[in-house]
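Chemist: Before I ask anything, here is the structure I am working with.
The values are calculated or read from the model by the stated rules, or taken from the named source; none is laboratory data. Please read these numbers as outputs of a predicted model, since none were measured by experiment. Neighbour counts run over all protein chains shown; Cβ positions are idealised from the backbone, glycine included. Calculation scope for accessible area: heavy atoms of the full protein, side chains included, ligands and nucleic acids excluded. Shrake-Rupley method; radii C 1.70, N 1.55, O 1.52, S 1.80 Å.
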Amino acid sequence: MANDASEESRTYWQRRAATFGSTCGKSPYATAFIERLALDDGDSVFDMGCATGTLALPLARQGHSVLACDFSPNMIEILSSRAKEEDLPIQTKLMAWEDAWEECGIEPKCVDVAVASRSISFDDIGTYLNKLEWVARKKAAITVPATATPAYEPKLCAYLGRSVPTRRLDVKAFSVLAEKGRYPRVSYIPAPRPMNFDSLETACMELEKMTGSEPLSEQERQLFDAYAQEHFKMVEQEGEERFVLDYNLTVQWAFISWDL
């Protein structure tokens with residue numbers, strides 16, 4: 001999950017915490033990430049942007065001690081509760097990328113491996129990679145989007161007549177690491193973006209975020225409303241009404257790791 005500490009972002013992820021908790025640690029994405037990470041027995045792990053334990057829980061179940069950090073109190077609360085229930089070796093800390101980690105009690109080279117899964121932004125990538133290297137002794141790994149989704153929905157943008165930025169975070173990350181003298185390894189993990197909401201209003205609000213930062217014009221608003229009405233379907237799940245996008249949004253996540 002993205003971990004910039006703006007109030008808007010914090011509020012968004014606070015609200016998403018419950019849905020993250022429902023599937024956490026069981027996803028094919030997490031399995032693929034951990035397989036690629038290829039930890040040695042007994043490796044300790046720093047997980048930045050841990051959410052409710054997508055990686056921390058399965059890693060701890062494999063016997064790895066995990067220091068799991070996130071800026072969302074709700075995410076940390078859910079993960080801490082799950083770790084306690086299962087008696088797992090997970091230590092949690094409420095902390096954002098922008099915080100001074102040393103002042104938060106994080107020590108340099110305190111773990112074997114540092115990871116950041118889906119929590120790195122384009123503009124600050126060099127700073128983020130340096131921070132991961134600061135805490136890790138052996139290796140670091142990240143996943144970043146190699147496609148426009150999740151920030152944009154290309155099909156919707158084309159329907160509205162909007163362009164989609166072509167800059168790729170995986171290319172930027174690889175370039176930054178090469179400039180640092182690292183030899184990064186890269187592979188790709190396809191994963192669906194869930195578009196499942198408790199109301200049509202929430203569904204439309206989340207979909208609109210994927211049209212870019214510019215507000216919709218009056219004409220675009222009419223097109224957007226028609227698109228949402230056509231593609232969001234009401235279904236019943238476990239006795240509750242849910243609004244689900246009627247096609248899949250797939251994100252290609254670039255898994256990038258490097259030795260220290």
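Chemist: Return a yes/no flag: does the range 186-200 have any residue that is part of a helix (DSSP H, G or I) and either hydrophobic (A, V, I, L, M, F, W, C) or modelled with pLDDT of 95 or more (or both).
Modeler: Keep residues of the range 186-200 that are part of a helix (DSSP H, G or I), which gives 200.
Pick out the ones that are also either hydrophobic (A, V, I, L, M, F, W, C) or modelled with pLDDT of 95 or more (or both) and you get 200.
Taking every residue of the range 186-200 in turn, at least one turns out to be part of a helix (DSSP H, G or I) and either hydrophobic (A, V, I, L, M, F, W, C) or modelled with pLDDT of 95 or more (or both).
Chemist: Next question. Just give me the residues in the range 143-156 being farther than 18 Å from Arg185 by Cα and either touching a Cys at 6+ places or on another chain (Cβ under 6 Å) or crowded, with 23+ Cβ neighbours inside 10 Å (or both), in sequence order.
Modeler: Within the range 143-156, Glu153 is the sole residue that qualifies.
Chemist: Looking at Ser213, Ser175, Ser187, which one is closer than 30 Å to Asn130 by Cα, in contact (Cβ under 8 Å) with a residue 60 or more places away in the chain and not aliphatic (A, V, I, L, M)?
Modeler: That would be Ser187, the only listed residue that is closer than 30 Å to Asn130 by Cα, in contact (Cβ under 8 Å) with a residue 60 or more places away in the chain and not aliphatic (A, V, I, L, M).
Chemist: Touching a strand residue (DSSP E or B) at 6+ places or on another chain (Cβ under 6 Å), crowded, with 16+ Cβ neighbours inside 10 Å, within 24 Å of Pro145 (Cβ to Cβ) and not aliphatic (A, V, I, L, M): does that describe Pro184? Before you say what the answer is, go through the steps one by one.
Modeler: On the way: touching a strand residue (DSSP E or B) at 6+ places or on another chain (Cβ under 6 Å): yes; crowded, with 16+ Cβ neighbours inside 10 Å: yes; within 24 Å of Pro145 (Cβ to Cβ): yes; not aliphatic (A, V, I, L, M): yes.
Here the answer is yes, as Pro184 does meet what is asked.
Chemist: Select from the range 215-260 the residues that are closer than 30 Å to Val186 by Cα and open to solvent by 40 Å² or more (accessible area, probe 1.4 Å) and write down the one among them that is nearest to the chain's Cα centre (by Cα).
Modeler: Residue satisfying both the conditions and the ranking: Gln252.
Chemist: Follow-up question, since we're still on this one. Being of a type in the set (D, E, K, R) and within 26 Å of Asp123 (Cα to Cα) narrows it down to one of Asp225, Asp170, so name that one.
Modeler: Just a single option satisfies the conditions, and that option is Asp170.
Chemist: Given the criteria in contact with a strand residue (DSSP E or B) (Cβ under 9 Å, 6 or more places away or on another chain) and either open to solvent by less than 50 Å² (accessible area, probe 1.4 Å) or modelled with pLDDT of 95 or more (or both), does Cys24 qualify? Quick ask: steps written out before the conclusion?
Modeler: Details: in contact with a strand residue (DSSP E or B) (Cβ under 9 Å, 6 or more places away or on another chain): no; either open to solvent by less than 50 Å² (accessible area, probe 1.4 Å) or modelled with pLDDT of 95 or more (or both): yes.
So Cys24 does not fit the description; no.
Conditions tested, residue by residue: (1) outside any loop (DSSP other than H, G, I, E, B); (2) touching a strand residue (DSSP E or B) at 6+ places or on another chain (Cβ under 8 Å).
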{"position": "Cys157", "(1), (2)": "yes, no"}
{"position": "Thr166", "(1), (2)": "no, no"}
{"position": "Ser175", "(1), (2)": "yes, no"}
{"position": "Ala203", "(1), (2)": "yes, yes"}
{"position": "Val244", "(1), (2)": "yes, yes"}
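Chemist: Related question: For the range 35-142, give me every one of the helices (runs of 4 or more DSSP H) that falls completely inside it and has 1 or more residues that are open to solvent by 40 Å² or more (accessible area, probe 1.4 Å) and either of a type in the set (Phe, Trp, Tyr) or without any contact (Cβ under 8 Å) to a residue 12 or more places away in the chain (or both).
Modeler: It comes to 73-86, 125-135.
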